[in-house]
Amino acid sequence: MSKKNWPLWEVFIRSKQGLNHKHVGSLHATNAEMAIENARDVYTRRKEGVSIWVVESVHISASNPDASDELFEPATDKVYRHPTFYDLPDEVKHM
Amino acid sequence: MTDAKQLSLEDNFQAKVDAEIKIEPKDWMPEKYRKTLIRQISQHAHSEIVGMLPEGNWITRAPSLRRKLGLLAKVQDEAGHGLYLYSACETLGIERDTLLDQLHTGKAKYSSIFNYPTTTWADIGAIGWLVDGAAIMNQVPICRCSYGPYARAMVRVCKEESFHQRQGFEILLTLSKGTDEQRAMLQDAVNRWWWPSVMMFGPSDKDSPNTAQSMKWKIKRFTNDDLRQKFVDVCVGQAEILGVTLPDPDLKYNEETGHWDFGTINWDEFWQVVKGNGPCNRQRLNARKKAHEEGAWVREAAMAYAEKQEQCEVASVAKVA
Ligand SMILES: [Fe+2]
Ligand SMILES: [Fe+2]
């Protein structure tokens, strides 16, 4: 046996129709089909989901937490992107 | 890395923890924090898995279909808890087979409570009430643990635990309204499970040198003795409802502290069981090893099948192209 561990999969569950899939954890499985079946047993024993996504963990690329400051810096000084930046008199309703 | 750089990383880390900002897998963390978490989470995962054995013993002999369904669902939940926790632990950079090896070689521990036998049906009730009860007491504060994946796994676990405790209590409540023999069986189970459950919170604070660091890192929120006291306080009233006596002649309400004082814990017994000399240590570990070894061919066959399927897909795609 070359691989001792089955590949690791990340599991995403849509808890109800209309909501987005959310990461809930991970599990090991030999292929996508088994990953979905195992995810059903591990993460939805009490109807926690109506849909499951699985993706092999090795396929996920993540931003580097140590570089978060630089990465998100462009958004930090753009107060004009928020509604409260604009001064309007109180008489203007519903805006 | 220079000492100054290391120091500022550690300060940064502690500042985040102090501000209740969760630590996530790829964030910088002190090596000792990582090691402590791997030890604690894996020990917790192993406990969930080994914990299925004493209760599994009664699934085929549950007294009714209702009881069998409840017990089966509970034991299946414990398997789920083990899996949530193993995957939380793996985010710290340790592989699943290494974790299992550590359990099978005895390098990693699991909760000593599971080294006691389940000799009667009342034991299943007592486990739900006392063992899951103590586990809940321990686990609720871990939902706020500084390490994100562990905290999130615990939220999931805690949501499921309350059914475990209630099904156990209901079993005992039914026995308490039964025949003299059934009531005696109930009392006998409580007599045997009470002290081991009180011990589940671990050594007393004066003998837990690592508590201070774990509290500072917000892995732990309360000391062992604090949690133990809460547990005893809660159980006294529940025992009354069941009409059972907790096997401790020194149990007495303390007007001054507002808590129940209790007798001295037999720490000799505690350490004996931790060291492997409890009534079922060998049996439990052998059962785990046997299951793992006898399942090896299934794991290998499933992997081989998946690899072959993949090759077939590649070949058929090549043909079409
Ligand atoms: Fe559990
Ligand atoms: Fe439980």
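The values are calculated or read from the model by the stated rules, or taken from the named source; none is laboratory data. The shown structure was predicted, so the numbers you read here are calculated from the model rather than taken from an experiment. Here the Cβ positions follow ideal geometry from the backbone for every residue, glycine too, while neighbour counts run over all protein chains shown. Surface areas here come from the heavy atoms of the whole protein model, side chains and all, with no ligands, DNA or RNA. Shrake-Rupley method; radii C 1.70, N 1.55, O 1.52, S 1.80 Å.
Here are the numbers:
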read-out	value
Residue check, B:M185 at pLDDT 95 or above, within 30 Å of B:G148 (Cβ to Cβ) and touching a helix residue (DSSP H, G or I) at 6+ places or on another chain (Cβ under 7 Å)	no
Residue among A:S57, A:S15 that is more than 9 Å from chain B (Cβ to nearest Cβ), within 14 Å of the chain's Cα centre (by Cα) and under 18 Å from B:L83 (Cα atoms)	A:S57
Residue ranges of helices (runs of 4 or more DSSP H) in segment B:240-321 with at least 2 members closer than 30 Å to A:E56 by Cβ and out of contact with any Lys or Arg (no Cβ under 8 Å at 6 or more places or on another chain)	B:281-294, B:296-320
Odd one out for B:P209 among (1) within 16 Å of ligand 2 (Cβ to nearest atom); (2) over 16 Å from B:I113 (Cα atoms)	(1)
Qualifying residue in segment B:58-72 (condition: within 16 Å of ligand 1 (Cβ to nearest atom), among the small types (G, A, S) and farther than 21 Å from B:H44 by Cβ)	yes
Unique residue being under 17 Å from the mean Cα position of the chain (by Cα), of a type in the set (D, E) and either open to solvent by 60 Å² or more (accessible area, probe 1.4 Å) or away from chain A (no Cβ under 12 Å) (or both) when the list is B:E55, B:E95, B:E20	B:E55
Check on B:V198, under 15 Å from the mean Cα position of the chain (by Cα) and within 14 Å of chain A (Cβ to nearest Cβ)	no
Number of positions in segment A:42-88 that are open to solvent by 50 Å² or more (accessible area, probe 1.4 Å), in a loop (DSSP other than H, G, I, E, B) and within 30 Å of B:V75 (Cβ to Cβ)	5
Search result, residues across segment B:164-188 that are within 11 Å of ligand 1 (Cβ to nearest atom) and either open to solvent by less than 20 Å² (accessible area, probe 1.4 Å) or of a type in the set (A, V, I, L, M, F, W, C) (or both)	B:H164
Residue match in segment B:72-92 (condition: surrounded by fewer than 16 Cβ atoms within 10 Å (Cβ to Cβ) and away from every other protein chain (no Cβ under 12 Å))	no
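Table: residues versus (1) out of contact with any His (no Cβ under 9 Å at 6 or more places or on another chain); (2) within 16 Å of ligand 2 (Cβ to nearest atom); (3) in contact (Cβ under 8 Å) with a residue 24 or more places away in the chain.
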residue: B:L72; (1), (2), (3): yes, yes, no
residue: B:V75; (1), (2), (3): yes, yes, no
residue: B:Y110; (1), (2), (3): no, yes, yes
residue: B:I113; (1), (2), (3): yes, yes, yes
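Conditions tested, residue by residue: (1) within 16 Å of ligand 1 (Cβ to nearest atom); (2) of a type in the set (V, I, T); (3) over 18 Å from B:G51 (Cα atoms).
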position: B:L99; (1), (2), (3): no, no, no
position: B:A108; (1), (2), (3): no, no, no
position: B:D123; (1), (2), (3): no, no, no
position: B:A135; (1), (2), (3): yes, no, no
position: B:C143; (1), (2), (3): yes, no, yes
position: B:S146; (1), (2), (3): no, no, yes
position: B:E161; (1), (2), (3): yes, no, no
